[in-house]
Amino acid sequence: MKAGVVHCRCSKCFSVPARRRVRKRPPFLTLLSLPEEVLLCVLQCLSAEDLLSVRAVHSRLRDIIDSHSSIWARVSFKDSWPAPQSVWLFERAAEKGNFEAAVKLGIAYLYNEGPSLSDEGRAELCGRKAAWFFGLAESLRPSGADPFVWVFIRPPWSPSGSCCKAVVFDRLKAECDAHAEKKGYLLHSLARVLQLFDEEEKRSEALSMLEESSRHGCLQSCFLLWEHRRVAAVADPGRYLQCLRTLRDYAAKGCWEAQLALARLCCSGNPLGLEQRTCADLVTQVFRSCPAPRRARGPAPPGH
């Protein structure tokens with residue numbers, strides 16, 4: 001009997017056509033098919049706007065994004081600025097450890113550019129907000145980078161008595177008193193601000209802040225104190241030699257300004273008495289250690 005032919009309904013000769021083997025199609029691969037660790041790497045590369053769009057696609061993506069601080073800490077705000085409708089997004093990312101979001105929020109509140117605040121008590125309110133996010137940004141600062149907040153709150157200050165920069169300065173100073181672990185980098189920035197004033201009293205206070213900052217491990221403050229003491233040490237050869245050895249120690253610890261100062265000294269007289277080859281290697285090492293500048297891409301050729 002041929003397979004697939006029905007002769008009658010009896011159990012002996014009844015047979016059914018042979019089943020055709022159906023080839024199963026492979027399952028479609030989607031973003032959700034990726035392992036979670038791979039998915040995290042993908043999400044961390046998105047801009048803030050794209051992250052919100054992906055978050056709205058699926059509940060699992062929403063749960064992953066909401067439950068992993070590393071995504072918010074690395075999300076990019078490259079082409080974004082805090083605005084009334086997006087300030088919550090910046091604040092959420094900053095609180096999760098996003099350095100870029102914290103810096104932009106500090107600047108936005110300092111200059112009242114973006115977040116919508118009432119004019120009543122604006123300097124006080126903006127100053128408090130700016131101080132909070134600037135302090136947060138300093139704590140998130142990449143290792144090896146210099147404290148930078150002083151650049152934004154340096155003088156001139158408004159003489160009207162309602163100055164947002166002055167409020168930020170006072171709030172950061174109070175933050176130092178409340179949290180000793182922040183004294184190193186915050187006192188450095190505050191001292192840099194006071195050094196730019198003409199009053200001798202403020203310059204003296206700046207030195208005191210630098211000394212306390214150096215005691216809390218701020219290498220940049222140690223270098224500024226070294227610069228201040230070097231002038232007095234030049235007249236005494238033994239004291240000046242010890243001063244140069246201190247500079248060499250700061251340079252060895254990674255202080256870029258100390259490395260540059262040491263390289264300059266080696267090129268202009270070699271006061272440490274190093275061999276010529278050693279001086280050349282030291283200077284070469286300083287310039288090799290600095291990151292290469294990014295080259296700007298030129299305009300695209302016609303037709304592209």
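The values are calculated or read from the model by the stated rules, or taken from the named source; none is laboratory data. Quick caveat, the model's predicted, so the values are computed rather than measured. Cβ placement follows ideal geometry from the backbone for every residue including glycine, while neighbour counts extend to all protein chains displayed. Ligands, DNA and RNA are stripped out before the accessible areas are found, and what is left, the full protein with its side chains, is counted by its heavy atoms. Shrake-Rupley method; radii C 1.70, N 1.55, O 1.52, S 1.80 Å.
A Cβ-based charge dipole, computed about the Cα centre of the range 140-268 with Lys and Arg at +1 and Asp and Glu at -1, lands at about 400 debye. Each residue of the range 182-194 is assigned a 3J(HN,Hα), and the resulting list reads 9, 5, x, 7, 6, 5, 4, 5, 5, 5, 4, 5, 5 Hz, derived from the Karplus form 6.51 cos²θ - 1.76 cosθ + 1.60 (θ = phi - 60°), x at Gly and Pro. Based on protein heavy atoms only, the range 35-108 ends up with 50 Å² per residue of surface accessible to a 1.4 Å probe. Residue by residue, the range 235-246 carries 3J(HN,Hα) couplings of 5, 10, x, x, 5, 5, 5, 5, 5, 5, 5, 4 Hz when phi is fed to the Karplus relation 6.51 cos²θ - 1.76 cosθ + 1.60 (θ = phi - 60°); x denotes Gly or Pro.
Taken along its principal axes, the alpha carbon cloud of the range 183-246 reaches lengths of 33, 27, 13 Å, longest axis first.
Over the range 124-249, accessible surface divided per residue gives 52 Å², non-protein components excluded, 1.4 Å probe. Residue ranges 130-136, 162-168 sort as 130-136, 162-168 when ordered by packing (mean number of other C-beta atoms within 10 Å per residue, highest first).
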